Amino acid sequence: MAKIKTRYVCQSCGQSFPKWQGQCSGCEEWNTLAQEVEQPSARRVPNALSGSISIIQTLDEVAIERAARWQTGVDIFDELIGGGLVPGGITLIGGEPGVGKSTFMLQLISRLGVNIKPLAYVSGEESATQIKLRAERLRVGNGSDIILVAEQNLDSALNGLASYLPRMLVVDSIQTVYTPQMDATPGSVTQIRECAAILTKYGKDRGLPVFIVGHVTKEGAIAGPKILEHIVDTVLYFEGDVNSNFRLLRVFKNRYGATGEVAVFQMTDKGLSPVINPSDLFISRKRSDAPGVVVVPLLQGTRCILTEVQALVTQSFLPMPRRVVAGLDSNRLSLVIAVLEKHAGLKFYNRDVFANVAGGLKLTEPGGDLGLAMAMVSSLNDQAMPPDILPIGEVTLAGEIRPVTQISRRIAEGRRFGFKRFVVSGSCDLPEEKGIIKVSSLREAVKSVFA
Ligand code: TYD
Ligand code: MG
């Protein structure tokens, strides 16, 4: 009898090792190796190519089939993915548990089902009753066009669906389904990869859009959709604090459109509802004139969203003053503080600084630096930011203000929300006009705003 060979596969990055070890030397995660049975690899025909012949053509000869895209009826979603669903396109929807992936998928198939039917929803996670209850809450009207398969065995599910000829397939989630062709537990790297390969083939062969739902944890420790990113055509991630109502659906990869784009949704008691003007959401409340609050235009893909950055600067009684952030990088905060100390003559060494971005958005681009600096200065001086000023700029280590991308778009969004003055970099490519305040250094910016 042949001995069963096993190996240890990192459940985070997929690298395999012959022996167990505490830390994966591939991705440096701890305790992520799990034992899996090694699948016999296909045997190679020695010294010869096999008999099949591929189709060869020149670039000019390639005929383009412009597949008509399917409109889902959720306009901001169609726009996000480049103009609608592509038949045969495989999409991964990732996100933390509870962020709203199942809710979104159910809403999407119910909207799409108006024109395209039937649609299949394979759930390895929830029972048919649970899905039905959710559908009732979401007021899904066309229940007879949605085929439910509450099943973890993917082979059985797909066999069962054969006679129904679904036009679209959702699998929720990739971590809970398995194929009996593989001797590994559901959720292991081997199963995830194999199931994804089966689903990809299923979708491509039949020209169906397939949605694969995948859980990601904050730490990314559990066998992640990360390992699927290169298999699928489109990768979307749901972001947003589970405790806040806002959800951002972000495009990480798209073979059929642009990446980096976001669509904003709001979680309501009737599911996720699209937010057409996200800036409304993040700054709509009557703007407070409290010190430490500054609005900044954040760029998300080609979209510009106005959001509030809040800072609280208080006297510190600790030998190491606290620097606490939410929604932004603490290194960036430290950098901006250091520049304020060195180049604007402000003292933070005996102050605790708390900084926060409203609504669960993340300040990841340098265009928010100047706003962050202004928020801190405003709190430090206990002087509110003038309500009509929008600061836009990157802060350099030398204390200069650097221009940022898409400045006109940011200003346009600001104007739409009633901002009249814009503090921008002196070297940015903008005509001298009323309301444009050009500054070259952070010191100058502070002076022009808090004079
Ligand atoms: P869910 O879609 O199950 O998240 P995921 O599939 O990503 O794990 O549910 C997300 C949360 O949304 C859940 O805590 C309940 C809440 N929710 C609403 O607030 N309103 C609704 O209409 C629904 C269906 C869910
Ligand atoms: Mg779910």
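Worth a mention:
- No Cys partner within the rule (Cβ under 4.7 Å), the chain: C195, C304, C428
- Each of M320, M374 was scored by other Cβ atoms within 10 Å of its Cβ. Listed from fewest to most, they are M320, M374.
- Size descriptor for the chain, Kirkwood hydrodynamic radius: 25.0 Å (Cα pairs only, one decimal).
- Shape class for the stretch 120-182: oblate, because the ratio a/c of the largest to smallest gyration tensor axis (alpha-carbon atoms, square roots of eigenvalues) is 1.5 or more and b/c is at least a/b.
- Here W30 and S427 are evaluated by their C-beta separation; at R0 = 56 Å the FRET efficiency comes out at 0.75.
- Space enclosed by the convex hull of the alpha-carbon atoms of the stretch 69-276, per residue, Å³: 109
- Computed P(r) (all Cα pairs; the stretch 250-344; 10 Å bins; percent): 12, 31, 32, 18, 6, 0
- Antiparallel bridges, percent of DSSP beta bridges restricted to the chain (to nearest 5): 55
- Gain in span if fully extended, N331 to Y164, counting 0.36 nm per residue against the direct Cα distance: 54.7 nm
- S448-L148 FRET efficiency (beta carbon distance; Förster radius 51 Å; 0.05 resolution): 0.25
- Helix-derived mean residue ellipticity, 222 nm - over the chain, DSSP H n ≥ 4, -39500 (n - 2.57), to 500: -7000 deg cm²/dmol
- Within the stretch 347-370: backbone nitrogen closer than 14 Å to the Q406 label point (7 Å, Cα to C-beta): 362-368
- Sites S52 and E79, calculated FRET efficiency, Cβ-Cβ separation with R0 41 Å, nearest 0.05: 0.50
- Remark: C195, C13 ranked as C13, C195, counting other beta-carbon atoms within 10 Å and listing the fewest first.
Every number in this text was worked out from the coordinates using simple rules, so none of it is lab data. Computed from a predicted structure; not experimentally measured. Every residue, glycine as well, gets a Cβ built from its backbone with ideal geometry; the counts of neighbours run over all protein chains shown.
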